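One structure is given here, and the rest of the page talks about it.
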Amino acid sequence: MAFYCHRCGTSLPAGARFCSNCGTVVAGAAPMPGRPLVRPRVGRQIAGVCLALAQANGWDVSLVRVLTVLGFFFSGGLIGIAYVAGWIGIPEEPLGTPGGVSS
Ligand SMILES: [Zn+2]
């Protein structure tokens, strides 16, 4: 889907973060890397911590999950503690406002 710079009206490719004509930051563009650290409500397995980390950093969520499970066994439970900490510390994605301005 094509979209346009809200400032100068230049047509921009999907996924563009800045206008190629005037340099304005394009609002509404939500590429995978650089997303806020929130636990998405859809696609989660347990609490969405792996998914949150993967989406915020542009990682492959399957890889994050595999490493988490492996790390859980090889770290003597430290990863489990970190997971629970993330569960508590990472806010849940706001209801009904994907990529929105809600706090
Ligand atoms: Zn522009």
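The values are calculated or read from the model by the stated rules, or taken from the named source; none is laboratory data. This one's a predicted model, so the numbers in the text were calculated from it and none came from an experiment. Cβ placement follows ideal geometry from the backbone for every residue including glycine, while neighbour counts extend to all protein chains displayed.
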**Request:** May I ask you to say which residue of LEU63, LEU95 is of a type outside the set (D, E, K, R) and either modelled with pLDDT of 85 or more or assigned to a helix (DSSP H, G or I) (or both)?
**Result:** LEU63
**Request:** Restricting attention to segment 39-56, report how many residues are farther than 18 Å from VAL69 by Cβ and free of Cβ contacts under 8 Å to residues at least 40 places away in the same chain.
**Result:** 3
**Asked** Within segment 56-70, how many residues turn out to be loosely packed, with under 15 Cβ neighbours inside 10 Å and not hydrophobic (A, V, I, L, M, F, W, C)?
**Response** 4
**Item:** Long-range neighbours under 7 Å by Cβ, at least six apart or interchain, first residue within 25 Å of GLY58 (Cβ to Cβ) and among the charged types (D, E, K, R) within segment 3-24, second more than 6 Å from the ligand (Cβ to nearest atom) and at pLDDT below 80
**Value:** ARG17/VAL26; ARG17/ALA29; ARG17/PRO31
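When the residues of segment 1-23 are filtered to those that are in contact with a Leu (Cβ under 8 Å, 6 or more places away or on another chain) and of a type outside the set (Phe, Trp, Tyr), which remaining residue is modelled with the lowest pLDDT?
So the first thing to find is which residues in segment 1-23 are in contact with a Leu (Cβ under 8 Å, 6 or more places away or on another chain), and the list is 2-5, 19-20.
From what is left, the residues that are of a type outside the set (Phe, Trp, Tyr) are 2, 5, 19-20.
Numbers: ALA2: 62, CYS5: 83, CYS19: 87, SER20: 87.
My answer is ALA2.
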**Looking only at segment 66-92, and only at residues there that are among the aliphatic types (A, V, I, L, M) and under 15 Å from VAL38 (Cα atoms), the one that is modelled with the lowest pLDDT** = ILE90
**Prompt:** Within the group ARG39, ARG35, which residue is modelled with pLDDT under 80 and either of a type outside the set (Phe, Trp, Tyr) or near the ligand (Cβ under 8 Å from one of its atoms) (or both)?
**Reply:** ARG35
**Asked** Could you say whether any residue in segment 68-78 is assigned by TED's automatic domain parsing to the domain that holds LEU95, outside any helix (DSSP H, G or I), within 18 Å of GLU92 (Cα to Cα) and among the small types (Gly, Ala, Ser)?
**Response** no
